[in-house]
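*Asks:* Quick one: the structure is below, questions incoming.
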Amino acid sequence: MNIKTITATLALTTLAFTLSAQAHSPSEHMQDAEAPNCAAMETMDHSKMKMDDPMMQAMMKQCMQAMHEGDHDDSETPDEPEKHEKDGDTNNFKHKHK
Amino acid sequence: MKSYLKSLALTGTVILLGAGIYLYSGVYPMGADTPHNSATYWLLETLRERSVVRAAEELVVPADIKSAERLLAGGADYNDMCASCHLKPGVTENDFSLGLYPSPPNLTLSDSDEIQTQAADVEATNAAIKRQFWIIKHGIKASGMPAWGANHDDPRIWNMVAFLQRLPELSAVQYQILTARNKASKGHGH
């Protein structure tokens, strides 16, 4: 082994090590990502939902995305039964609130 | 006058000596399961609050602190990094909330900070928001509260602050929906 190889190896392992310890981006939490339980929105008291409330908007946004994602990314959603239910329900939900 | 100064110096020396003996004797109960006496508690709390108020004074709260985007981003982070100590709707205690001293305030309760009690006063709300930002970014010495600023930029911390403003009113179901990490929300290309 010449000095260049050693240096390169050292540099690379150091880099790898540094990267592993760096600021974790939100995407690193994805492994234990949990799908939002949007079916439950159906059971909420709709008369109390205010559409101009950012909290409501955030929940809607979250569920629209979950629904959309379900269209083409089936393999990674953890619990299947709930997902099917969710797909159906959130569709209705969307129509009601449009 | 001379004798007055003399006795003052003597008193000072005795106090220092006593403090030194106490310190080295090991009598002080260091365990987290022995609470401070009320004088020490008051002293530490006052020290903390005065320090944070002064340090947070110059902060400027972002205009969009109430936005849905901030709520979503902050909610997911809160669930990952903070709920283990500060709890979430439906969870009233866990190992950290029981075992840490000072104990992490339950941030799902509206009375855990001044925001709700003085909601009428915009100025006070603003101050409470800045206080939260500062505490999250810098942490609190000799408590379980870490400084998150080392690894997280300011916008991310403001997002969590935004989420904290709504946390006390969330039901367990609403909390779950808001904090679930959507793979789709992280812009994986379409």
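*Asks:* So between B:Ala124 and B:Val61, what do we pick up on full extension, going 0.36 nm a residue minus the alpha carbon distance?
*Replies:* Here the answer is 21.4 nm.
*Asks:* For a quick check, take a GNM of chain B with Cα springs below 10 Å and name the residue from B:Ala76, B:Ala39, B:Ala55 with the largest mean-square fluctuation.
*Replies:* B:Ala39
*Asks:* Just the number, please: buried accessible area between A and B, total of both chains, 1.4 angstrom probe, nearest 100 square angstrom.
*Replies:* Its buried surface, counting both partners, is about 2700 Å².
*Asks:* Another question, if that's okay. Looking at B:Leu72, B:Cys82, B:Gly26, which one has the Cα that reaches farthest to the positive end of the dipole of region B:26-105 (charges on Cβ: Lys, Arg +1; Asp, Glu -1)?
*Replies:* B:Gly26
*Asks:* With respect to the cross-link table entries A:Lys48/B:Lys130; A:Lys50/B:Lys66; A:Lys61/B:Lys130; B:Lys66/B:Lys137; A:Lys50/B:Lys130; A:Lys61/B:Lys137, which display a Cα-Cα separation exceeding 22 Å?
*Replies:* Listed pairs above 22 Å: A:Lys48/B:Lys130; A:Lys61/B:Lys130; A:Lys50/B:Lys130; A:Lys61/B:Lys137.
*Asks:* Let me ask something additional. If you stretched the chain out fully between B:Ser103 and B:Leu47, how much longer would it get, using 0.36 nm times the residue separation minus the C-alpha to C-alpha distance?
*Replies:* Gain on stretching B:Ser103 to B:Leu47: 18.5 nm.
*Asks:* Related question: What length, rounded to one decimal in nm, is gained on full extension from B:Arg54 through to B:Ile140, with 0.36 nm per residue of separation minus their alpha-carbon distance?
*Replies:* Going from the current span to full extension adds 29.5 nm.
*Asks:* How high is the relative contact order of chain B, in percent, with contacts defined as C-alpha pairs under 8 Å that are six or more residues apart?
*Replies:* After rounding, I find 26 percent.
*Asks:* A further question follows. So for the pair B:Leu17, A:Asp45, with labels modelled 7 Å out along Cα→Cβ, what separation do we get in nm?
*Replies:* 7.1
*Asks:* How much of B:Asp153 can a 1.4 Å solvent probe reach, expressed as accessible area in Å² and rounded to 10?
*Replies:* Surface accessible to solvent at B:Asp153 totals approximately 90 Å².
*Asks:* Set the Förster distance to 51 Å, then compute FRET efficiency between B:Asp95 and A:Lys4 from the Cβ-Cβ distance, nearest 0.05.
*Replies:* About 0.50, to the nearest 0.05.
*Asks:* How large is the Rg to Rh ratio of chain B when both quantities use alpha carbon positions and Rh follows Kirkwood?
*Replies:* Computed over Cα atoms, the ratio is 1.12.
*Asks:* Quote the charge dipole size of chain B about the Cα centre in Debye, to the nearest 20; the model charges only the Cβ of Lys and Arg (+1) and of Asp and Glu (-1).
*Replies:* In debye, rounded to 20, chain B gives about 500.
*Asks:* Hey, another quick one. With every protein chain present, what accessible area does B:Tyr175 have (1.4 Å probe, heavy atoms only), rounded to the nearest 10 Å²?
*Replies:* 10
*Asks:* How big is the accessible area of B:Arg166 in square angstrom, nearest 10, if you roll a 1.4 angstrom probe over the protein chains?
*Replies:* Roll a 1.4 Å probe over it and B:Arg166 shows about 50 Å².
*Asks:* Turning to a different aspect of this structure: Suppose all protein chains stay in the model; what accessible area per residue would a 1.4 Å probe give for region B:38-179, in Å²?
*Replies:* Each residue of region B:38-179 exposes 53 Å² on average to a 1.4 Å probe.
*Asks:* Please build a GNM for chain B, connecting alpha carbons under 10 Å apart, and tell me which residue among B:Ala150, B:Ala56, B:Ala162 fluctuates the most.
*Replies:* Between B:Ala150, B:Ala56, B:Ala162, it is B:Ala150 that shows the largest mean-square fluctuation.
*Asks:* Another one. Any idea what angle helix B:68-81 forms with the longest principal axis of chain B, computed on alpha-carbon atoms, 0 to 90 degrees, nearest 10?
*Replies:* For helix B:68-81, the angle is close to 50 degrees.
The values are calculated or read from the model by the stated rules, or taken from the named source; none is laboratory data. Not measured: the values here are computed from a predicted model. Using ideal geometry, Cβ is built from the backbone for each residue, glycine included, and neighbour counts are taken over all protein chains shown. We work out accessible area using only protein heavy atoms, side chains counted, and drop any ligands, DNA or RNA first. Shrake-Rupley method; radii C 1.70, N 1.55, O 1.52, S 1.80 Å.
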